[in-house]
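Written out below as structure tokens is the structure these notes cover.
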């Protein structure tokens with residue numbers, strides 16, 4: 001029995017009809033590339049699940065794992081050890097939140113689960129707001145935070161999870177006539193405040209935001225929106241929570257995406273890029289006022305692998321590499337080139353309605369008609385399998401990424417250079433011409 005046959009016989013594969021999958025067998029990965037068992041090379045243009053920020057097999061990250069495995073591969077979360085303390089210190093310093101502390105988890109969904117408990121405990125309230133176009137994880141609580149169709153499997157779920165419309169000017173109601181970005185901000189803040197009043201601010205514990213919405217289309221908040229949410233949270237005594245699981249760790253150019261928008265959240269959830277997927281690690285950064293609450297009240301959060309030594313050692317090494325290898329500067333340089341390419345694609349391709357990008361975090365929104373903005377596939381419906389067909393064309397040419405609804409995501413490892421970017425984007429350009437013909 002070969003690798004693929006074994007996988008199909010014994011593995012359940014994520015987000016898939018198990019009878020219809022044909023997984024590619026991967027034999028090697030290095031830098032921004034990986035190779036299948038037949039030797040075919042792929043550009044990793046989604047950083048796997050937007051987590052392999054420093055690419056594959058980075059020698060400094062591999063070395064950190066090896067050294068920690070030889071020293072203390074595991075010790076209970078209740079003990080203080082060097083790498084756990086150092087990782088927390090580095091993460092707090094990177095957050096810019098004075099007086100904050102970290103509670104470590106194993107992944108982003110767990111980070112959101114524990115942040116939900118913290119928000120409810122601190123406020124004594126029970127309702128949580130999150131956007132319709134959002135993804136916060138698939139576990140019980142995180143799945144109910146999630147606003148897009150993947151949360152349906154969690155329903156009816158726990159009570160108190162309320163959805164609101166986040167900023168998405170391209171898909172705003174047709175009656176909306178925005179003159180500028182300020183109009184967009186004012187409209188969506190008005191909607192949010194109205195809903196806060198309708199749901200009762202005395203019952204709302206937190207407003208949850210993907211600081212930059214990830215898989216649901218790289219929706220970048222308009223100027224002033226996050227500051228407006230912060231103001232509403234302060235006014236109504238609601239916590240502001242930024243989910244930085246995907247957008248954190250220099251994906252947008254700053255260490256955390258909220259640092260682009262001059263706001264300080266009360267809770268921050270993170271994972272993915274803190275270890276680049278080499279070992280699972282996530283966490284919650286609790287701001288000073290949350291920390292002070294737990295100085296007097298018991299923290300009812302606990303995980304066997306909280307602050308796992310291997311993950312913490314890797315997080316320390318990863319944060320050092322971001323600094324030592326000038327990753328923010330590279331994101332600025334290559335991110336600018338990516339933006340220029342995407343804008344040229346928008347001009348040249350009939351199938352592109354809008355492109356959105358910040359740092360090395362971008363999406364192409366595909367439409368049937370630029371004027372009407374009719375999406376290439378309907379929301380939560382693609383009976384003809386158009387998007388899988390497009391994805392298959394990309395992967396066949398060696399461009400690996402993923403799609404969601406009518407979007408193609410482009411989020412390569414942060415170590416990519418402009419030559420590699422241009423080579424990969426030539427493939428995408430070629431496939432998009434084929435999509436134009438499909439129209």
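Points worth noting:
- Test for residue 254: is it at pLDDT 95 or above, under 21 Å from the mean Cα position of the chain (by Cα) and on the phi > 0 side of the Ramachandran plot: no
- Residue match in region 197-209 (condition: more than 28 Å from residue 359 (Cα to Cα), modelled with pLDDT under 95 and touching a helix residue (DSSP H, G or I) at 6+ places or on another chain (Cβ under 7 Å)): no
- Just one of the listed residues (241, 245, 263) is more than 30 Å from residue 66 (Cβ to Cβ) and crowded, with 21+ Cβ neighbours inside 10 Å, and it is 241.
- Any chance residue 218 is in the same structural domain as residue 285 (by TED's automatic domain parsing), on the phi > 0 side of the Ramachandran plot and crowded, with 24+ Cβ neighbours inside 10 Å: yes
- Residue in region 18-30 that is assigned by TED's automatic domain parsing to the domain that holds residue 425, surrounded by fewer than 10 Cβ atoms within 10 Å (Cβ to Cβ) and out of contact with any helix residue (DSSP H, G or I) (no Cβ under 9 Å at 6 or more places or on another chain) present: yes
- Residue list for region 361-414, restricted to those being under 21 Å from residue 35 (Cβ atoms) and either part of a helix (DSSP H, G or I) or at pLDDT below 95 (or both): 391, 392, 393, 394, 395, 396
- If you go through region 132-159 and keep only what is buried (at least 18 other Cβ atoms within 10 Å of the Cβ) and outside any helix (DSSP H, G or I), you end up with 133, 134, 135, 136, 137, 146, 147, 148.
- Filter pass, residue 7 being out of contact with any strand residue (DSSP E or B) (no Cβ under 6 Å at 6 or more places or on another chain) and under 25 Å from residue 244 (Cα atoms): no
Conditions tested, residue by residue: (1) out of contact with any strand residue (DSSP E or B) (no Cβ under 8 Å at 6 or more places or on another chain); (2) within 18 Å of residue 196 (Cβ to Cβ).
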residue: 102; (1), (2): no, no
residue: 118; (1), (2): no, no
residue: 153; (1), (2): yes, no
residue: 163; (1), (2): no, yes
residue: 167; (1), (2): no, yes
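- If the condition is being outside any helix (DSSP H, G or I) and either in contact with a strand residue (DSSP E or B) (Cβ under 6 Å, 6 or more places away or on another chain) or under 10 Å from residue 64 (Cβ atoms) (or both), then region 304-325 contributes 306, 307.
- Positions within region 217-231 being within 14 Å of residue 243 (Cα to Cα) and part of a loop (DSSP other than H, G, I, E, B), in sequence order: 218, 220, 221
- Residues of region 291-303 classified as in a loop (DSSP other than H, G, I, E, B) and more than 25 Å from the chain's Cα centre (by Cα), total: 4
- Checking each residue in region 382-394 for being surrounded by 16 or more Cβ atoms within 10 Å (Cβ to Cβ) and either more than 21 Å from the chain's Cα centre (by Cα) or closer than 19 Å to residue 212 by Cα (or both) picks out 382, 386, 390, 393, 394.
- Elements of the type strands (runs of 3 or more DSSP E) sitting completely within region 9-70 and holding at least 2 residues that are over 25 Å from the mean Cα position of the chain (by Cα) and within 25 Å of residue 282 (Cβ to Cβ): there are none.
- Number of residues in region 110-130 that are within 14 Å of residue 208 (Cα to Cα), over 19 Å from the mean Cα position of the chain (by Cα) and crowded, with 19+ Cβ neighbours inside 10 Å: the value is 4.
The values are calculated or read from the model by the stated rules, or taken from the named source; none is laboratory data. It should be emphasised that the depicted structure is a prediction, and the values quoted were computed from it without experimental measurement. Because the Cβ atoms are built from the backbone with ideal geometry, glycine has one as well, and the counts that use them run over all protein chains shown.
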